[in-house]
Structure formats: structure tokens, C-alpha cells
1. For the stretch 116-127, give me the residue count where each residue is open to solvent by less than 70 Å² (accessible area, probe 1.4 Å) and touching a Gly at 6+ places or on another chain (Cβ under 9 Å).
2. So is Gly528 in contact with a strand residue (DSSP E or B) (Cβ under 8 Å, 6 or more places away or on another chain) and surrounded by fewer than 20 Cβ atoms within 10 Å (Cβ to Cβ) or not?
3. Which one of the conditions (1) open to solvent by 50 Å² or more (accessible area, probe 1.4 Å); (2) touching a Lys or Arg at 6+ places or on another chain (Cβ under 8 Å); (3) part of a strand (DSSP E or B) does Val150 fail to meet, given that it meets all the rest?
4. Quick one: is Ser444 polar (S, T, N, Q) and either touching a helix residue (DSSP H, G or I) at 6+ places or on another chain (Cβ under 6 Å) or in a helix (DSSP H, G or I) (or both)?
5. With the structure loaded, tell me whether Ser541 is open to solvent by less than 70 Å² (accessible area, probe 1.4 Å), assigned to a loop (DSSP other than H, G, I, E, B), modelled with pLDDT under 95 and out of contact with any Asp or Glu (no Cβ under 8 Å at 6 or more places or on another chain) or whether it fails that test.
6. Quick check on Gly272: is it open to solvent by 10 Å² or more (accessible area, probe 1.4 Å), part of a loop (DSSP other than H, G, I, E, B) and not polar (S, T, N, Q)?
7. So which residues in the stretch 46-99 are over 23 Å from the mean Cα position of the chain (by Cα) and on the phi > 0 side of the Ramachandran plot, if there are any at all?
Amino acid sequence: MITPGKPKKAPVIKTISLHEWLKGRRSDTDPTRTDNGALAISDNVVLEQDGVVRPRPATIPYGAQPLGKIVGIDEFVRIVDGEPQTWLISVQIVGGVGKVFVNKDGGSWQECTGKTYMDARTTFVQGAGKVLILNGKDFMSYLDTISLSVQTYTALSTPTIPTATPTGMSGTALTYRFRITATSKVGETNASVAATVPTSITRDQWSQGGTTPHYVTLSWPAVFGATGYCIYVGIEAGKEKFIGSVPAGTTSFIDDGSAVEIVTKQAPSGNGTQGPIVKRGANVGGQIFLVGDKDNPYHVWYGGTGDDSFDFSPYNGGGWIDIAVGSKNIPIAVVPFRDGKGTPMATVFSNGTNGNGKITHLSLQSTNVGDTVITYMQADEANGQDGTGSPDAIVLSRDALWYPSGSEFKTTGTKPQVQNILSTDNVGDGIIGDMQKLNRASMSLASGVNYNGCLYFAVPSGSSTNNQIWVLDLIRGGQWILPWYIKADKLFLYGSNDGETHFLALVNNRIVEFTRSRNTEDDGVAFGAKAGSGFIKVDKSGAEWVYILDVTFTIINPQGKINLQVQGRTKTSSITSIGTKDFIPQISYAGWGEVKRGANSAVGDIAWGEIVNIPTSYGSTRVVRTVPVKKAVNYFQWLISSSGNADWALSDVVARYVDIGTIITQDMRI
């Protein structure tokens, strides 16, 4: 007798639903351990809405293109008839010579005559109706924003040795040294040869009054073109300190000991009447700060205030201060920021070894010495080794600074639970694998910008030049999306005079704008976009095997040819394609506009039978595509990609599977 077997149970179909990839790209773990809420592949894509993946914006040419190689470009504001206008300024190498060009709203480039420049990376700083042009090679010059002409400074001659006439002096225990400088509208000359006065009476005992006056009368020949003169005194050669100044036309000074020696202002050793030769600067509360002095690398220059903001001599409140002189940390950038208490001040970034360094705050301080008020610049080091070697990639957003630093990306700001000091955090922990590919030797070329809640960084990844753009999305929780394959030498914004803000990049010496008016193309050349998961497992241990039935993709507004792919670890291969599908969305007409009906279209009516105002074709707004798989796998991975003229937004991915233990036969049909 035959006993009937027990009926087999039907397999239970299970699903894995994936959507909202709000953790962005992750490269800090092995693909088999990637979080399902993150992307392991994110080439030329961006997150939109609630974690929907879409190809990044295209780029199109913006305005008139350069006449030569651009070595520096930025925006500036020009006042015309009392109204502000926004312009672009650039230095372009034309015929081997650097020239200044400006344009407005993408119009033709207008050459500004007055000076030519070397072929060197150039930056700009605006203040007091001028735009400083800085490249670390040429003497300082500026664009006059009214006349649109380039102005330069004329070097003054160093004053000759002054005549020092002592009154009431006696003895030889001390020798006081007096040196004179002439000032221009931008700086000072070298200090003169010192006139010496031997005496045994210390300077704090000098006076013009009393029965026995003790003072020194100084006089010197006038210097042509000088706006004034500064006087320095000291005992040690090369360390004479500032004690006062006189205006042009005055060539004498009486030192009766009453003038306080300003220990922070030392006699200059170079001629600065053509301005310091520096690489970059910033306008902080109307005061100009400069760094990158080729002759004095630890100097941070500061100007006066108001109309004297471009005067870096002590005659009008300017000067310089050394930051950590002689150390391994070199000042390379200055930005307007604040301290932990919220006090606005100039913040200096220094570059140290391995791209690290220091952050230093500069603040104008004053103190009383007797009846004299002394004003000086004070440097206070911020916390930690948190400088940068990427001066043009320091971005201000949400009351914090964001920047590359050594092997990390960091942010410096105030934490709610840590008041009165600045705190620095790493913000690149999830993309360690990508950061390890950065070329540290070329990180000085990196560029950054803040636009619409996202931070964009052009960086050199395994390259000697910038070849990728990385996006830090602060709107969606601060996740990274990268890479965008764009060789951007510089990222910058331009606020055109119609109220629009243009996100621009300098790519292969062309100015391009990011836009959604095109699909996947850069300056007319198609680019590919691709997104994919890590290796997805059905259990935490990763030991279970499952039978994948299919994987379904939900896509919003697809256009062009799109490829869907599923890969997995099978019994015969570590990772292989187990399903793929190409599709092009069906095109159909959406309808037509309302028209007037009549018998005679010649008089404006539409004749019966005529077809007008039919809109252009469109793709389905929501498309669901399923990739059949029917394979036993240990883990799997989904991928979506496109090339050519395409667009899409991936909303959901759903995989159907059954546990391997419930499968009756390998080729079972569900």
C-alpha cells in the first residue's frame, strides 16, 4: 500500500523595500557592510526631495567666454547713480600678458588698462570703492570701481639719515637709535639709517620742562610724494619701535620721552609704498587683512579703517602682526568670522604639515599707558590643530566654517552645550575611502562655495588638478554625494542684476553655469550618471541565502535611455550580473491648449480641422520597471545608470525573494 506524502507548503514571498537614501554616499566600510540607507555608488548624481536620487544638473556656457587664460575671477559691486551693480572681474593672460577684464551680466569683456600682470593665481578683495588685485608676484594694484581703470602705487625713496640734536644729554651708558620712514597711501618705505644719541639718561626720564630739559630734536630732508613720516626709536639695531608720526610738509620731531614705544610696531625692513606683495586677503568689517607675503610669510597685514582701509602703515592705523613666527604653521588665508562668544573678528588659517595647521583670531585692542591710549592688534590662537592647506575652499555656512584639513573635512563653530569657545568636528567620516584618494600636494588648488543649502568642493582626487566636485548637503542632514566628474579650477557665485544667483564654474578655461534647462550634458558633451547600493543581505549575519525573484524600480519623470541592473553573489561567482533591463520611456501627447473655433483662420480664428498648440511630448511622470532575476544569492546590489541625453529620479527599489529553505527546485516558478 502506498502512503500519500505530506503536501508541500507554498513558499512565502518576502520583500525588501529601499528608499530615502538620506545617508548619502558611504565609503568608510566594505561594500558588504554598507548601510541600506546609503549609496555605495553615486557618480554624477544628487539627492532631491526626501532622498530621491537624480542626475546632477548639467552645465551650459555662461555669457561671453574669456579672451585668454583666466588666472583669477570673482564678482564685485559698482555704484552707478547711487545704485549698486554687480560685475565680474578677471585677470586673463592674453598674448602672454596678464590683463584685467570686467563684464556685467554675461556681456562682452571690457579691458581695464593701467597695469599688466604675471601669469599667477590671482585673487580679489573689495573695499572703499576699490578692488585689490593680488597674486603674490606683482606689486599691489587695484581696480577703481567708478572709472573701471587699474591704479598702481608709486614707490617712494627711503628717507636719508635724520639729524639728531640732543638737548641736556650726557654720558654714554646708552645709545638711542632714531629711524624715519616715509608713508604713501598704502604703506611705508624702508626705515632710514639710524641716527644715534649716546646718553646715560634713560628715555623715561626725558622731558622738555624743568630746569634741566632732556630731549632729542630730529630733522630730515623731505621725500617727494610722501603723505607723512613715521618715527622709530630703540636701543637694539633692527628692533626700533614706533613712537609717532607727522604729516607731509613736516620734517621734524621732538622726542621728549612722552611718546610711548609701541612694541607691536617695529621699524619696517622693506619698502611697502607700492603695497605688500601678497596672495590673498579679506574685508573684515571694513578693514582689509592680507596674507601670503612672499618676503615675510608670517606677516598678516591690516589696513586702517574707513577711507584708510587700504593704508597698511601705522600712520593711518595700519600695520602687520606676525603669527607664530618661525613655526611650521604659515598663514595662508584670512576670513571674516567670530570667536566662541560671537564677537566678529578676522580669523586666520595657517597651513602646517600634512595640510593641518592653526586657527588664529585677530582683534583690535587698546590699553592706556599713562595718558596715552595705545591701539594694537592682538592674536589669540583658537583651539586645536584645525588649519587648512586649501585657502580657497573655506566656506561659511550656518554660522560655522567648513573646510578640508589634512586627511579630513572639518567644521568649526559653537556647540549648544559648549559655550564661549569654538569647537571643531570631523564631517568626512563617512567618505574616508574617497578622502584617501585626494592628492595632498595639490589640495591648495581646491575651491569651495555655498549655494542653496549645499556646500560644493572642487578637489583633486588622484590628480594634480581639480577633477571632481564633492557635495555636502546640509539641507538633508549633512550627507555627502560624490563624485561629480567636472574639472573645475574654481567654483564661484555671481548675482546678476536681474536678481538671479548663478552657480558658476571655471572649467577648461570656460565659464559654465549649473542648470536644469538641459539633461545630462556638460557644455554640449553628454555625461553618464550612476547610482547603486552596497551589497544587500537579508539578515545581519550575512550567512543566509535567498532566492531573488525580481527587483522593481520606481522612477519619476524618466527621459532618455536608462539601464537597470542587479548583481549578486551566486554559488558560482563572488559578484556577477543576475539581471538587467534597458528601457526608454514611452512618449505620448499630453493634450492641447484652448483655441477659438471659426471658419477662417486667416482672421485669427482657428479653422475646424486645424491642429494647433499641441505641446511637446512628455514621458510618464511615474514609471515602474521590474528586472526578473530568479537566482539564489547570498547578497545582491541594485544599480541604475544612464548616458547621453537622459534624466530620471529614483524613488524606490523593492526586491522580492523567498528564503532558500522553502525552495522546492532551483527553477521553480512563483
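1. So the count comes out to 7.
2. For Gly528, the condition - in contact with a strand residue (DSSP E or B) (Cβ under 8 Å, 6 or more places away or on another chain) and surrounded by fewer than 20 Cβ atoms within 10 Å (Cβ to Cβ) - is met.
3. (1)
4. Yes, satisfied.
5. No, not satisfied.
6. Considered against the rule, which asks whether it is open to solvent by 10 Å² or more (accessible area, probe 1.4 Å), part of a loop (DSSP other than H, G, I, E, B) and not polar (S, T, N, Q), Gly272 comes out as yes.
7. Of everything in the stretch 46-99, those that are over 23 Å from the mean Cα position of the chain (by Cα) and on the phi > 0 side of the Ramachandran plot turn out to be Gln49, Gly51, Asp81, Gly82, Gly95, Gly96.
Residue-by-condition table, conditions (1) at pLDDT 85 or above; (2) open to solvent by less than 10 Å² (accessible area, probe 1.4 Å); (3) more than 19 Å from Phe289 (Cβ to Cβ):
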site: Met345; (1), (2), (3): yes, no, no
site: Val348; (1), (2), (3): yes, yes, no
site: His361; (1), (2), (3): yes, no, no
site: Asp371; (1), (2), (3): no, no, yes
site: Tyr376; (1), (2), (3): no, no, no
site: Gln385; (1), (2), (3): no, no, yes
site: Thr388; (1), (2), (3): yes, yes, no
site: Pro391; (1), (2), (3): yes, no, no
site: Leu401; (1), (2), (3): yes, yes, no
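The values are calculated or read from the model by the stated rules, or taken from the named source; none is laboratory data. None of these values were measured; they are calculated from a predicted model. Because the Cβ atoms are built from the backbone with ideal geometry, glycine has one as well, and the counts that use them run over all protein chains shown. Only protein heavy atoms, including side chains, enter the accessible area calculation; ligands, DNA and RNA are left aside. Shrake-Rupley method; radii C 1.70, N 1.55, O 1.52, S 1.80 Å.
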